[in-house]
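The values are calculated or read from the model by the stated rules, or taken from the named source; none is laboratory data. Model, not experiment: these values are computed from the prediction. Note: ideal-geometry Cβ built from the backbone for every residue, glycine included; neighbour counts use all protein chains shown. Just so you know, the surface numbers come from the protein's heavy atoms only, side chains and all, with ligands and any DNA or RNA stripped out. Shrake-Rupley method; radii C 1.70, N 1.55, O 1.52, S 1.80 Å.
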Amino acid sequence: MTYAIQAEGLAKRFKDTQALAGVDLAARAGTVLGLLGPNGAGKTTAVRIFATLIQPDAGRALVAGHDVVKEAGAVRSLVGLTGQYAAVDENLTGTENLLLIGRLLGLSRRAAHARADELLERFQLTDAAGRAVKTFSGGMRRRLDLAASLVGRPRILFLDEPTTGLDPHSRGEVWDMLRGLVADGATALLTTQYLNEADVLADDIVVIDKGRVIADGTPDELKSQVGGQVLELRPVNSADLVTAHELVTEAAGGLTRIEGESVTAPVKDPELMPAVVRRLDRAGIAVGELTLRRSSLDEVFLTLTGHRAEPEAPEETDVDESEFEKVSSA
């Protein structure tokens, strides 16, 4: 099988930090590959290597069959990059931002205008095209940033935390945009702190921790690997929550937690639910709700890494952040 994005034994160190320690991953053409991991796991470092911003110390990375080190120019002509923060100029209008990038990419004035108009319409920004970007909402800026990364018609997109800081409505708008791009044949590598985002958008997922791959597969495969079902219990009296948690932990053997007014536990033994019911009955705890449901990707992440996903902290690198943002228009 030919992959749009591929890494083999990818390694990178920054001073005393081993950012990547032999990462293997692959994204099929026309799909979304979700790259997940805790803060400092190496996700952004991997994206920067694929985008030719930094070079690996070992291993190799291929984009559309091109080596990112030996054929960096060819790779840059094929990719678009959107980072965690919008890279557009807030003092220019939406149209002016896209025209500037088009001209930098060598488009004629007429072609640049046509491409800008096309993208503004596609990203539902036509009505705001003549306004300065500093007047845009967060969701509008993010959509314009995505549009800017598409001026050169890239076949492959690198999206590093593309919805960071957006409200749920704006995040949903970006999701719709990405679905449309992939439906048109684009391939995307997505890093995100929102695990429901990866669950909804990613065809395949790679989880890395401390620079190494610790799990990979489709969202459903990963859920099955760590326990396909979750028991969720809500006592009638919230004062019984802590005791209920202790009883469920005894029955489940750990990996339980309190979420709001409920206790959850992965189900690895079909006898767990009756065992919990017996313990609750003996303790005289009235149950308001007791259900079995499928694991969420957040629960998969917790099981694999030992903690929940958190907002991404900047990884130590040897490249300036402004250089990172320029790839969308370089």
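Structure values in brief
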| item | result |
| --- | --- |
| Tally, over segment 178-208, of residues that are open to solvent by 40 Å² or more (accessible area, probe 1.4 Å), in contact (Cβ under 8 Å) with a residue 40 or more places away in the chain and of a type outside the set (Phe, Trp, Tyr) | 4 |
| Matching entry among 146, 119 (being of a type in the set (A, V, I, L, M), touching a helix residue (DSSP H, G or I) at 6+ places or on another chain (Cβ under 7 Å), under 16 Å from residue 93 (Cβ atoms) and in a helix (DSSP H, G or I)) | 119 |
| Test: residue 153 is touching a Gly at 6+ places or on another chain (Cβ under 6 Å), over 24 Å from residue 43 (Cβ atoms), charged (D, E, K, R) and without any contact (Cβ under 8 Å) to a residue 60 or more places away in the chain | no |
| Matching entry among 144, 100 (being crowded, with 22+ Cβ neighbours inside 10 Å and more than 20 Å from residue 78 (Cβ to Cβ)) | 144 |
| Residue in segment 96-107 that is closer than 30 Å to residue 193 by Cα and touching a Phe, Trp or Tyr at 6+ places or on another chain (Cβ under 9 Å) present | no |
| Close pairs (7 angstrom Cβ cut-off, 6 or more residues apart or separate chains): under 19 Å from residue 261 (Cβ atoms) in segment 275-290, of a type in the set (Lys, Arg) anywhere | 288/234; 289/234 |
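Let's see how each residue does on (1) of a type in the set (A, V, I, L, M); (2) at pLDDT below 90; (3) under 17 Å from the mean Cα position of the chain (by Cα):
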{"residue": "188", "(1), (2), (3)": "yes, no, yes"}
{"residue": "193", "(1), (2), (3)": "no, yes, yes"}
{"residue": "213", "(1), (2), (3)": "yes, no, yes"}
{"residue": "228", "(1), (2), (3)": "no, yes, no"}
{"residue": "243", "(1), (2), (3)": "no, no, no"}
{"residue": "259", "(1), (2), (3)": "no, yes, no"}
{"residue": "267", "(1), (2), (3)": "yes, yes, no"}
